[in-house]
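Written out below as structure tokens is the structure these notes cover.
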Amino acid sequence: MSNVTPRETEVIRWMAAGKTAAEIGTILGISHITVNTHIANAKARLGVFKDTALVAAALRNGIIR
């Protein structure tokens with residue numbers, strides 16, 4: 001399993017629920033820019049380039065259910 005941080009995992013869970021970066025930022029009390037940074041870092045850790053591929057890789061690797 002990769003070293004995705006707890007915050008990145010939380011962001012990926014919200015992405016899987018269909019939330020935008022702005023919505024996730026509001027939910028978590030952080031800026032959408034910070035959300036996008038977490039998404040970019042998680043993509044790099046999992047070796048993917050698209051948001052949908054990030055969610056799929058997280059599901060495959062057991063990071064989210």
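Across all directions, the average flat footprint of the convex hull enclosing the Cα atoms of the chain is 3.7 nm².
Just checking the listed ones, Ala53, Ala21, Ala42: in the Gaussian network model of the chain with Cα springs under 10 Å, the one fluctuating most is Ala53. With protein chains left intact and a 1.4 Å probe, residues in the chain average 62 Å² of accessible area per residue. Rounded to the nearest 10 degrees, the inclination of helix 32-46 to the longest alpha-carbon principal axis of the chain is 0 degrees.
Taking 0.36 nm per residue of separation and subtracting the current Cα-Cα distance, fully stretching the chain between Asn61 and Ile27 would add 9.7 nm. Extending 7 Å from Cα along the Cβ direction at Glu10 and again at Ala44 yields two label points whose distance is 2.1 nm.
Heavy atoms only, probe 1.4 Å: what % of the accessible area of the chain goes to carbon and sulfur, would you let me know? Working shown, then result.
Numbers: 2190 of 4040 Å².
Using a 1.4 Å probe with all protein chains present, the chain comes out at 54 percent carbon and sulfur.
The values are calculated or read from the model by the stated rules, or taken from the named source; none is laboratory data. This one's a predicted model, so the numbers in the text were calculated from it and none came from an experiment. Cβ sites come from the backbone with ideal geometry, for glycine too, and all protein chains shown count toward neighbours. With ligands, DNA and RNA removed, areas are computed over all heavy atoms of the protein, side chains included. Shrake-Rupley method; radii C 1.70, N 1.55, O 1.52, S 1.80 Å.
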